1. Identify, by number, the condition in (1) in contact with a strand residue (DSSP E or B) (Cβ under 8 Å, 6 or more places away or on another chain); (2) open to solvent by less than 20 Å² (accessible area, probe 1.4 Å) that ALA225 doesn't meet.
2. Among the residues in the stretch 248-271, are any under 20 Å from the mean Cα position of the chain (by Cα) and free of Cβ contacts under 8 Å to residues at least 24 places away in the same chain?
3. Name the residue, out of GLY16, GLY68, that is under 30 Å from SER252 (Cα atoms), in contact with a Pro (Cβ under 6 Å, 6 or more places away or on another chain) and open to solvent by less than 10 Å² (accessible area, probe 1.4 Å).
4. Within the stretch 185-215, how many residues are of a type outside the set (Gly, Ala, Ser) and assigned to a strand (DSSP E or B)?
5. Say whether the condition of being among the hydroxyl-bearing types (Ser, Thr, Tyr), in contact with a helix residue (DSSP H, G or I) (Cβ under 6 Å, 6 or more places away or on another chain) and at negative phi is met by at least one residue in the stretch 274-296.
6. Go through the stretch 135-184 and give me each residue that's in a loop (DSSP other than H, G, I, E, B), open to solvent by 20 Å² or more (accessible area, probe 1.4 Å) and without any contact (Cβ under 8 Å) to a residue 60 or more places away in the chain.
7. Being surrounded by 14 or more Cβ atoms within 10 Å (Cβ to Cβ), within 21 Å of LEU134 (Cβ to Cβ) and either among the small types (Gly, Ala, Ser) or touching a Gly at 6+ places or on another chain (Cβ under 9 Å) (or both): is that true of ASN231 here?
8. Got a sec? Which strands (runs of 3 or more DSSP E) wholly within the stretch 216-331 have at least 3 residues that are within 30 Å of ASP112 (Cβ to Cβ)?
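The values are calculated or read from the model by the stated rules, or taken from the named source; none is laboratory data. What you see is a predicted model; the values in this text were computed from it and never measured. All Cβ positions, even for glycine, are placed from backbone atoms using ideal geometry, and neighbour counts span all protein chains on display. The accessibility values were calculated without ligands, DNA or RNA, using every heavy atom of the protein model including side chains. Shrake-Rupley method; radii C 1.70, N 1.55, O 1.52, S 1.80 Å.
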Amino acid sequence: MTIEQREVHLINHPDGMPAREDFAIIEATVADPAQGQLLIRNDYMSVDPAMRPRLSNGQQALNTAMMGGAVGQVVASRHPDFKEGDTVQHQLGFREYALSDGKGVSILNPGDLPVTLYMHALGGTGLTAYGGLLVTGELKDEENVFVSAAAGAVGSVAIQIAKIKNCYTIGSAGSEEKCAWLKNDLGVDAVINYKDGQLRKDLKSAAPKGIDVYFENVGGDHLDAALPRMNALGRIPVCGMISAYNTPGARSTGVTTLSNMIYNRITMKGFVVYEFNDMREQFLSDMTGWIKDGRMQYRETIHHGIEEAPEALIGLFTGENIGKMLVALKH
């Protein structure tokens with residue numbers, strides 16, 4: 001017995017902004033699981049900025065199902081560790097059904113929380129913000145924190161952690177709707193719409209006591225504006241540089257203020273989420289508590305149907321999403 005399903009394939013390596021023509025929705029079949037395998041019906045797929053570099057650097061092969069995070073249900077199992085009905089998380093997304101040998105598949109027990117939270121605040125997105133800010137950024141209570149792309153999936157978690165730590169918070173975003181959410185719902189102290197065209201001036205005004213930690217998601221003009229505002233011994237944990245992802249050669253706008261790092265002894269350091277796997281238990285405990293007591297809020301931007309997956313990915317880079325971008329699959 002086989003199941004008919006659809007997959008998202010990359011058919012061109014984009015140089016610059018991806019286009020709908022770079023992707024194809026392909027019909028395929030999936031067989032029943034053999035001994036030691038399980039079959040998963042995907043319910044939600046995760047859409048993340050980190051997927052973008054893989055489209056151009058060759059890590060994502062052409063004409064095969066794209067890889068990405070997903071949450072779904074086990075519909076058939078011949079694997080000793082999984083049973084039908086289990087809710088699972090894995091990296092075999094961008095297809096409606098996934099056949100797996102169990103490697104990289106985790107069973108979720110969401111309880112009374114929405115399962116989609118494990119794709120952002122309680123998942124890799126949240127751990128990225130948590131570890132990046134508290135470990136790489138060495139955040140201390142009551143410091144001054146700037147988060148770029150603060151209305152995105154990672155940025156919105158990072159800036160709320162800073163609020164929980166009683167920090168003065170500054171967030172940038174690219175629309176009035178996003179800025180209003182940051183200010184009115186999340187309680188960010190100072191909000192900047194960088195599309196107003198005066199980022200350096202606005203950041204100087206928003207940071208009268210300077211910046212101790214800049215959580216970097218954007219690069220380019222944002223980094224250029226932040227460096228002169230950094231306090232002595234300031235830290236810049238570099239999560240991403242989304243401004244460069246869709247430019248030819250992935251080059252960001254030039255940064256002219258790096259000399260500020262010298263005498264202010266600023267530390268700028270990149271990080272990746274798997275560095276923080278040893279603190280996952282503490283992260284889940286903290287984040288679950290913050291969500292349940294209302295200190296950690298979230299938004300989801302959801303596209304419906306696997307045919308919408310390319311538009312969802314492109315939408316990340318045109319500023320469509322507030323919070324986490326997801327695709328809900330229709331079955």
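1. It is condition (1) that ALA225 fails.
2. The answer is no, given that none of the residues of the stretch 248-271 is under 20 Å from the mean Cα position of the chain (by Cα) and free of Cβ contacts under 8 Å to residues at least 24 places away in the same chain.
3. Numbers: GLY68 fails: in contact with a Pro (Cβ under 6 Å, 6 or more places away or on another chain).
Unique residue meeting the criteria: GLY16.
4. Just the residues of the stretch 185-215 that are of a type outside the set (Gly, Ala, Ser), to begin with: 185-186, 188-189, 191-196, 198-204, 208-209, 211-215.
Going one step further and asking which of them are assigned to a strand (DSSP E or B), we end up with 191-193, 211-215.
Within the stretch 185-215, residues that are of a type outside the set (Gly, Ala, Ser) and assigned to a strand (DSSP E or B) number 8.
5. Start the filter on the stretch 274-296 by keeping residues that are among the hydroxyl-bearing types (Ser, Thr, Tyr), which leaves 274, 285, 288.
Add one more test, that the residue is in contact with a helix residue (DSSP H, G or I) (Cβ under 6 Å, 6 or more places away or on another chain), and what stays is none.
No, that holds for no residue.
6. Once the filter is applied, which keeps residues that are in a loop (DSSP other than H, G, I, E, B), open to solvent by 20 Å² or more (accessible area, probe 1.4 Å) and without any contact (Cβ under 8 Å) to a residue 60 or more places away in the chain, the stretch 135-184 yields ASP141, GLU142, LYS165, ASN166.
7. On the way: surrounded by 14 or more Cβ atoms within 10 Å (Cβ to Cβ): yes; within 21 Å of LEU134 (Cβ to Cβ): yes; either among the small types (Gly, Ala, Ser) or touching a Gly at 6+ places or on another chain (Cβ under 9 Å) (or both): yes.
Here the answer is yes, as ASN231 does meet what is asked.
8. Working: elements: 230-238, 267-270, 300-304, 324-328.
Filter on the stretch 216-331 gives 300-304, 324-328.
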